[in-house]
Amino acid sequence: MAQYLPLIALLLLTAGFGAISLLTSKILMPARPTAAKVMAYECGIVDVEEPPERFPVRFYLIAMIFIVFDIEIIFFYPFTMVYQELGGYGLVAILIFSAAVFESFLYLISNGALDWGPVQHLRRSSLLLASDRTTETTIRRVGSVGREADQVPSDDAVREVA
């Protein structure tokens with residue numbers, strides 16, 4: 001038990017410091033919430049509109065790339081520690097693993113995960129250029145309820161009124 005005494009003392013010291021810090025902050029600065037204090041803060045940008053309903057798929061694809069390479073690094077590190085003991089079998093196994101990781105990376109690139117800016121417009125597939133796809137059929141207008149009165153009247157509506 002004596003060998004755990006420094007660990008227990010450190011744990012008590014840490015818990016005591018945390019408790020004293022919380023208590024001191026409550027005493028010295030009481031909570032006075034205002035609209036500015038409770039508002040979400042991100043990069044200094046003040047929210048003036050609701051976020052869109054859809055989140056671009058590109059961000060998920062970039063997250064997948066990040067995860068793929070994190071997993072690759074996690075598996076490469078132990079391999080580098082014992083690669084001489086594994087011999088040819090280990091080399092073949094890591095080559096198969098590398099091929100699978102490279103294949104998933106190629107898949108993500110082919111889906112446009114790294115296309116930014118004008119390049120994304122050059123790589124559209126034939127499905128996106130189909131004649132039956134228009135902005136009216138593919139884009140859902142968020143927040144357009146009640147805005148019909150603000151739209152410019154069509155030529156037929158103008159003729160009926162005149």
Confirm whether Arg141 is at pLDDT below 85, of a type in the set (D, E, K, R), within 26 Å of the chain's Cα centre (by Cα) and within 19 Å of Phe59 (Cβ to Cβ).
no
Looking at Phe75, Phe102, Phe59, Phe66, which is the one that is of a type in the set (Phe, Trp, Tyr), in contact with a Phe, Trp or Tyr (Cβ under 9 Å, 6 or more places away or on another chain) and free of Cβ contacts under 8 Å to residues at least 24 places away in the same chain?
Phe75
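The values are calculated or read from the model by the stated rules, or taken from the named source; none is laboratory data. Computed from a predicted structure; not experimentally measured. Neighbour counts are summed over all protein chains in view; Cβ atoms, including those assigned to glycine, are modelled from backbone coordinates with ideal geometry.
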